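Scroll down for the structure; my scribbles are underneath it.
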């Protein structure tokens, strides 16, 4: 079972459980996926979070991220989208277990704002940019859906 | 060629036709010609631009001559640069391949004026066939059906003078074409007279840029249509061999992607008609070497002459597979004055062959060419498979040239077996670094219209478009492959470790690390 979060073109993907990967030529990235009765040869290139799997001749970019990487990425892209005040949203559904900051706090970019527990893992939500916390929309113990606004930074 | 039959006349007794031959081309066709030279005992001289200094053809030839910078106009299209390379190398003959200077009469004349042999027809033949309108007139006069349409040029400025042109038997929709060339450039489908007027300036500019001549003419649109061509091989002594037909209807942008021989649409009766028409077309010009006569075939089985190309075609390999002949070697031998052998003249095709062209193109984005570096490169192998490739692994793709990477060809006893073999061959093929048309080709071999052979030139626009969207299964498999690859790659320092937070390594990072360590253990 994967502990990574997968996405293709920004949409989440469930991995295909029960398929074993065997390298045919690890240097070239050539691999065989087999579920015991059927096999697919594919080509896998990439490192870190960015991968491209060439399956049946088609290049498919796959983001392979830990929870932490995903939260950081989303926060970063959120900060790129806004110049002024930005809303920090939950990138995954979970339970708000701790809020580290208070309204009015000055935070630096990357500072921990709050912690969300999801699938029994603690995930820190970090500030996508430096600023002042002007509003907090949640309280500790609250369940949030993916995309729910958490707090606002100016 | 796993299934080619022997050609006894190719066992030569009198030494090579030429001691040394210059290859005025690049990519897979240059490699193909170098191989033919080697088979014939001829020393090969490659030509290369700066972009191709490390290219496969440059490394493969007996020697190589630099002919200029990456720009094709200053290298592979420069008559002066190629002739200078020929003089330096001491070559006795020049093979132009296809494209570039292969149908350039000035080049053929320059080769002859230098006292060398041009592997191709005489310059006069290239001149007369280069003008498609003149060819239409000559072919029609010889009694071969041509696509109904104009025999005179259209005014390419698209002004009011168009209204004075009698469009005669052209009915709309119609095809606008360039008089000076093919390859789909300058070609437009027009729905009516207004559409024609609107399309004229753009098509004229495109033709002018591609061929140095913006002259256009108009033909009736034959649709649905199949594109079928007949392979000819002639010597300098009047012998002409007709080597069957090729079906070329799998096209994007009026350019071929997949060819097969024989055509599933051609009955024995139509085959005889096409052969006779091809013979008549060849008779309108002084011709020797390899040539192809292209026809459109409509739903009623009527055929119409399109054009004659007096050069090697990209898709010559499928004819080689079913005839067992080496067309490139024969081009060189007839250029040296040899007679076509009995075995060529009596050649009959055996079985079925299909070629799939592998291009650095994105079939999910209108087959737009892509740039980049080919990383992994795995070509198919085994019974009945031939690959003509122009590159190897870890090759940057020059943006200046045609994005054809390789031709995967299969030969089998009949069409169903050939389709199955092509399906296997494409399954063994893997190319990394850039998107290729492999995803389209793999779709094609399961597409009912292709599998049954009942397809026409509308196959790609009508049935493929930009291809199917990724299925959930494909997304899941890609995701599975990617995360497993990440988990097995060398463990990275965790984000928290980088930030100096000890003890925060996650469970799956520990698993990945254990597995990476485990892989290093023997057994």
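Bear in mind these aren't lab numbers, they're just calculated from the coordinates by the rules spelled out. In this text the structure is predicted, and so the values were computed from the model without any measurement. All Cβ positions, even for glycine, are placed from backbone atoms using ideal geometry, and neighbour counts span all protein chains on display.
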Taking neighbour Cβ counts within 10 Å as the exposure measure, how do A:24, B:404 sort from fewest upward?
-> A:24, B:404
Between the alpha-carbon centers of segment A:17-87 and segment B:408-468, tell me the distance in whole angstrom.
-> 27
Extension length gain for residue B:299 and residue B:392 (0.36 nm per residue less Cα distance), in nm, is 29.3 nm
Would you kindly compute the Cα radius of gyration of the protein assembly as shown and its largest Cα-Cα separation (Dmax), both in Å?
-> 30.5, 96
Which whole-number percent gives the relative contact order of chain B, counting Cα pairs below 8 Å spaced six or more residues apart?
-> 14
Relative contact order (percent, whole number), segment B:325-410, Cα cutoff 8 Å, 6+ residue spacing | 32
Quick note, chain B: a/c under 1.5 would make it rounded; otherwise a/b > b/c is prolate and the rest oblate (a ≥ b ≥ c, C-alpha gyration tensor); here it is prolate
Specify the inter-centroid distance of segment B:18-70 and segment B:238-315, based on alpha-carbon positions, in whole Å.
-> 29
Mind checking the angle between helix A:67-81 and chain A's longest principal axis? C-alpha axes, 0 to 90 degrees, to the nearest 10.
-> 60
Residue A:50 and residue A:135 label points (each 7 Å along its Cα→Cβ direction) are spaced in nm at 3.5
Within 10 Å of each Cβ in A:44-54, the average number of Cβ atoms from other chains | 6
Cα-Cα separations in segment B:274-332 greater than 15 Å, expressed as whole percent | 56
So what's the projected area for segment B:236-288, the Cα convex hull averaged over all directions, in nm²?
-> 4.7
Counting partner chain Cβ atoms within 10 Å of every residue's Cβ in A:22-29, what's the average?
-> 4
How do the peptides B:224-231, B:267-274 rank, highest first, by the average count of neighbouring beta carbon atoms within 10 Å per residue?
-> B:224-231, B:267-274
Just check chain A against the gyration tensor rule for me: Cα atoms, a ≥ b ≥ c as the square roots of the eigenvalues, rounded for a/c under 1.5, and otherwise prolate or oblate depending on whether a/b exceeds b/c.
-> prolate
Fewest-first sequence of B:98, B:48 by Cβ atoms within 10 Å of each Cβ | B:98, B:48
Mean Cβ-within-10 Å packing, highest first, puts peptides B:58-65, B:302-309, B:336-343 in the order B:302-309, B:58-65, B:336-343
Isotropic mean projected area of the C-alpha convex hull, segment A:96-154 (nm²) | 3.6
Just the Kirkwood number for segment B:343-466, please: inverse of mean 1/r across all distinct Cα pairs, in Å, one decimal.
-> 15.5
Once the Cα gyration tensor of segment B:107-147 is diagonalised, semi-axes √(5λ) in Å | 28, 9, 6
Under the 7 Å Cα-to-Cβ spin-label approximation, residue A:20 and residue B:346 lie apart by a distance in nanometres of 5.7
Starting from 0 in steps of 10 Å, tell me what percent of the Cα-Cα pairs of segment B:178-239 lands in each bin.
-> 20, 37, 25, 13, 4, 0
Treat segment B:169-300 as a sphere of radius equal to its Kirkwood radius over Cα pairs and apply Stokes-Einstein at 25 °C in a medium of 0.890 mPa s; give the translational diffusion coefficient in µm²/s, rounded to a whole number.
-> 151
Once the mean of 1/r over all distinct C-alpha pairs in segment B:267-426 is inverted, the Kirkwood radius in Å reads 18.2
Can you give the convex hull volume per residue for the Cα atoms of segment B:26-126, as a whole number of Å³?
-> 86
If you line up the Cα atoms of segment B:57-182 on their principal axes, what length do they span on each, largest first, in Å?
-> 56, 33, 25
Rounded to a whole number, the mean other protein chain Cβ count within 10 angstrom for residues of B:460-470 is 1
Compute the acute angle (0 to 90°) between the alpha-carbon long axis of helix B:415-428 and the principal axis of greatest extent of the alpha-carbon atoms of chain B; round to the nearest 10°.
-> 40
Give the shape of segment B:68-140 as rounded, prolate or oblate, defined through the alpha-carbon gyration tensor: a ≥ b ≥ c are the square roots of its eigenvalues, a/c under 1.5 means rounded, and otherwise the shape is prolate if a/b is larger than b/c and oblate if not.
-> oblate
Taking the convex hull of the Cα atoms, report for segment B:308-367 its projected area averaged over all directions, in nm².
-> 6.1
Sort B:54, B:362 so that the residue with the fewest other Cβ atoms within 10 Å of its own Cβ comes first and the one with the most comes last.
-> B:54, B:362
